[in-house]
C-alpha cells in the first residue's frame, strides 16, 4: 500500500501538486516511485520553459523503464529541483519531499480537474 | 487470447520472497526481489542466484547426432571433447537467426544437449525436426522435466563448494560441465552463465533444484531476477535473442562471426554468411556510449549530427557497474567504426555519443 499525502492534488498519471499561491509545486506520488523502482535519472525542463496541462514535461528513468512526466497544469517553469540531477533516488526515499519543478500557473482553473487525496486513493491502490 | 502462464519449479518460493513477478516467454518469472541495482551489484561483487528453469533442454542423440548438430549449428562441434560446451547459433538459410544456444557434448558418444532460449523452445524443436528428416537422430525436448539455476559471481565457486556440496566445482573449467548423481537423478553442473562473471549453471530435476535454491537462500546468496540478468548480460556485451539476434539479424551483423565456422564443410546459413562477409552487410550492431545520463531505450532512433536517421537502439541502460548511459544499436555499416560520433534521440532531445566496443564491462570469466 503506497503512501498518499493529505492536502495535495493528484493527477491520473500519478503526479502531485502542492499549491502555493499562483505556483504549482509538482512531483510524483509514492505509488509512481514504487512502480518505477530505483530511479536513476530525472529528465527536467529548464527554468522559463513553458509547460502545458496534459503534456509531458520530462521523464523519470529507472533501470528498466522510462516514464513520461505529465504536467497537471499549464504555465512557466520558475524553478527545478537540481538536487535530483545527482540524487534521483531522493524520489524513491520520499516522493512527497522530492519535488521536481515549480510552475507559475496560467490558469488556476485547471486545478479543478485534479483529485484530492481521498479520490486518488481509489486509483493508487 | 488468454493463455495461462506457466510456472517454474521455484515459483512459490519467488512469491514467498516477495518478488515482483512478470510474464516472460510464457512463464510467470521473477523480475526483481530486493531491487535490480542491489541484485546486479551482488553478482558483480559477491554471488547471486537466478531461476532459469524456463530455458529449454533439448537432447539430440543417434548415429547421425554429430553430423546433424554440426549441420544446424554455426560453430564446429567436431573437435569438442566430452564434457565441453560450445556457444553458437542456428540459422535460417538466408542467414537470419533461429536462436542462439549452447551445445553440451555428453560423455556418452553421439549424445548432445542443446540449451535454447525459453521463448524459442517450440520454434526450435519444430525447426530441428524439420531439418532432421535425412538424419538418423532422436530429438527429445525435455524442457519441462528439468529445473535450472544459475549461480553467478566471484563467490559462486565457494557457494557451490560450501553450500551445495559440489567441491568438484573448483575443477570445472570455463565452458565445461560435469555429471553428478544426487537423489537418484542426474545433475549437470556447468561453468557457464550470462553475466560476465565467473559462475555455474545447475540442471536437475525440480525437487533437487528446489533444495539447492533453499540452501543458497539459507547461506545468504542473493536471489536475482530477470531485471538484473539483462543489465548484467548487456554490460558484458552479450546478445539477447529478440533484441540483438533475430530472424532479420544474422550473427555477422551482430558481430558474432567468431562463432560461425565458415571453414566447416556445410551448415544451414553458411552460403548466406559467406556472401555477407564478402559483400558486406547493410547494418551492424555497435555499442554507443552517451555523454549524458539520459537513457537510450530499445526502439529509439540513432542519428547523424545533421538529423539523418542511420539506426535504432536494440538495448540500452544507464549502466549500473560503469555509471554511464550505454546502448547496443543496429546502425548502417558506414557509421560503425569505433570512435564514430552518433546521436540518440531520446524523447524530444538528441544526445551525442560515440561508437565503442560492445563489451562495455571487462568480463571476469575463470579461464
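Of all residues in segment A:32-59, those satisfying the criterion of being in contact with a helix residue (DSSP H, G or I) (Cβ under 6 Å, 6 or more places away or on another chain) and within 10 Å of another protein chain (Cβ to nearest Cβ) are A:38, A:42. Of A:62, A:67, A:29, all but one fail to be in contact with a helix residue (DSSP H, G or I) (Cβ under 9 Å, 6 or more places away or on another chain) and at the interface with chain B (Cβ under 10 Å from one of its Cβ atoms); the exception is A:62. With respect to the numbered conditions (1) part of a loop (DSSP other than H, G, I, E, B); (2) at pLDDT below 95; (3) in contact with a helix residue (DSSP H, G or I) (Cβ under 8 Å, 6 or more places away or on another chain), which one is the sole condition not fulfilled by residue A:96? (2) is the only condition that residue A:96 fails. Just one of the numbered conditions (1) within 30 Å of residue B:110 (Cα to Cα); (2) modelled with pLDDT under 95 is not true of residue B:75: (2). Residue check: residue B:340 meets all listed conditions (1) more than 19 Å from residue B:360 (Cα to Cα); (2) surrounded by 15 or more Cβ atoms within 10 Å (Cβ to Cβ); (3) away from chain A (no Cβ under 14 Å) but one, namely (1). Before we move on, is residue B:294 modelled with pLDDT under 95 and either within 14 Å of chain A (Cβ to nearest Cβ) or in contact with a helix residue (DSSP H, G or I) (Cβ under 7 Å, 6 or more places away or on another chain) (or both)? Yes; evaluated as a whole, the condition is true for this residue.
Residues that are within 14 Å of chain B (Cβ to nearest Cβ), surrounded by fewer than 17 Cβ atoms within 10 Å (Cβ to Cβ) and at pLDDT 95 or above do not occur anywhere in segment A:6-22.
If we scan segment B:177-195, do we find a residue that is within 14 Å of chain A (Cβ to nearest Cβ), modelled with pLDDT of 95 or more and surrounded by 23 or more Cβ atoms within 10 Å (Cβ to Cβ)?
Applying the first criterion (within 14 Å of chain A (Cβ to nearest Cβ)) to segment B:177-195 yields none.
The answer is no, given that none of the residues of segment B:177-195 is within 14 Å of chain A (Cβ to nearest Cβ), modelled with pLDDT of 95 or more and surrounded by 23 or more Cβ atoms within 10 Å (Cβ to Cβ).
Inclusion of residue A:32 among residues that are crowded, with 21+ Cβ neighbours inside 10 Å and in a helix (DSSP H, G or I) is warranted.
When you look at residue B:364, is it at pLDDT below 95 and under 30 Å from residue B:171 (Cβ atoms), yes or no?
Criteria met by residue B:364.
Looking for something over 20 Å from the mean Cα position of the chain (by Cα) and more than 14 Å from chain A (Cβ to nearest Cβ) - is there at least one such residue anywhere in segment B:249-261? I'd like the intermediate steps shown before the answer.
As a first pass, look at segment B:249-261 and keep what is over 20 Å from the mean Cα position of the chain (by Cα): none.
Within segment B:249-261, none of the residues are over 20 Å from the mean Cα position of the chain (by Cα) and more than 14 Å from chain A (Cβ to nearest Cβ).
Output the residue which, of all residues in segment A:72-91 that are in a loop (DSSP other than H, G, I, E, B) and either within 14 Å of chain B (Cβ to nearest Cβ) or over 12 Å from the mean Cα position of the chain (by Cα) (or both), is surrounded by the fewest Cβ atoms within 10 Å (Cβ to Cβ). Restricting to residues being in a loop (DSSP other than H, G, I, E, B) and either within 14 Å of chain B (Cβ to nearest Cβ) or over 12 Å from the mean Cα position of the chain (by Cα) (or both), the top hit is A:82.
Kindly indicate whether residue B:310 is modelled with pLDDT of 95 or more and either under 14 Å from residue A:61 (Cβ atoms) or in contact with a helix residue (DSSP H, G or I) (Cβ under 6 Å, 6 or more places away or on another chain) (or both). Spelling it out, residue B:310 is indeed modelled with pLDDT of 95 or more and either under 14 Å from residue A:61 (Cβ atoms) or in contact with a helix residue (DSSP H, G or I) (Cβ under 6 Å, 6 or more places away or on another chain) (or both). Residues that are assigned to a loop (DSSP other than H, G, I, E, B) and either at pLDDT 95 or above or touching a strand residue (DSSP E or B) at 6+ places or on another chain (Cβ under 8 Å) (or both) within segment B:1-24 comprise B:5, B:7, B:8, B:9, B:10, B:17, B:18, B:19, listed in sequence order.
The values are calculated or read from the model by the stated rules, or taken from the named source; none is laboratory data. As the structure is a prediction and not an experimental result, all values here were calculated from the model. No Cβ is skipped: glycine too gets one built from the backbone with ideal geometry, and neighbour counts run over all protein chains shown.
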